[in-house]
Amino acid sequence: MDIALRPVHDSDLPVFFRQFNDPESLRMAAFTPEDPADRDRFDAKWAHIRSSPEIAARTVLVDGDVVGSVSVYGEAGEREVTYWIDRAYWGRGIATAALRALLTEVTERPLYARAAADNAGSLRVLRTCGFEVTGKARGYAAGRGEETDELVLSLEG
């Protein structure tokens, strides 16, 4: 399995939109937009992501196929990682490999991440990449329609 990152292309966006609207993925991610099916909002968000020099966004490829995205965004000292992998590819180490690759590109530290406290897969990815739990929060998770516990993680040095 060849896992690679590349800049986001226009042709990736329909794939991301489909992936982003999988009900099980939305529930697991938890902290998602209120209406993930709003294509105009989705397109506006990705236009911002792709035009911002402060955001490092990459498409994740497996054997040449688009399977998700990985990004670093935010203000200096508060930058955060995020990733989204198509559910059909969960459990294969792809998110871990993609995040590791991005972390070699984006060398500034600290970096932060957030995950629903019960999202064992995402927490495993983050811990494997060196992130450690540094805090807890609770907030409304649109992907679940309810208050949800969240863990805050950081990657130092």
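Shape analysis of region 1-43 places it in the oblate category; the axes a ≥ b ≥ c from the Cα gyration tensor give an a/c of at least 1.5, with a/b not above b/c. Atom-type composition of the exposed protein surface of the chain places 49 percent of the accessible area on carbon and sulfur (1.4 angstrom probe).
Between rounded, prolate and oblate, where does region 46-92 land on the alpha carbon gyration tensor, with a ≥ b ≥ c its root eigenvalues, rounded for a/c under 1.5, else prolate if a/b exceeds b/c? Note, shape of region 46-92 comes out prolate.
DSSP beta bridges fully contained in region 1-112 are about 95 percent antiparallel.
Between the alpha-carbon centres of region 101-157 and region 35-100 there is a gap of 14 Å. GNM remark for the chain: springs join alpha carbons under 10 Å apart, and the peak mean-square fluctuation among Pro33, Pro53, Pro110 falls on Pro53.
Note on the chain: GNM, Cα springs under 10 Å; of Ala101, Ala117, Ala44, the largest mean-square fluctuation is that of Ala44. Ligands, DNA and RNA are left out, and with a 1.4 angstrom probe the accessible area of the chain is 53 Å² per residue. Taking GluC sites (Glu not before Pro) as exposed when their DSSP state is a loop state and no more than 13 other Cβ atoms lie within 10 Å, the longest site-free interval of the chain runs over 109-155. The loop-placed trypsin sites (Lys or Arg not before Pro) in region 57-132, going by DSSP, that have at most 16 neighbouring Cβ atoms within 10 Å of their Cβ come out as Arg92.
The values are calculated or read from the model by the stated rules, or taken from the named source; none is laboratory data. Note that this is a predicted model, so its numbers are computed, not measured. Neighbour counts are summed over all protein chains in view; Cβ atoms, including those assigned to glycine, are modelled from backbone coordinates with ideal geometry. The area values use the complete protein model at the heavy-atom level, side chains included, leaving out ligands, DNA and RNA. Shrake-Rupley method; radii C 1.70, N 1.55, O 1.52, S 1.80 Å.
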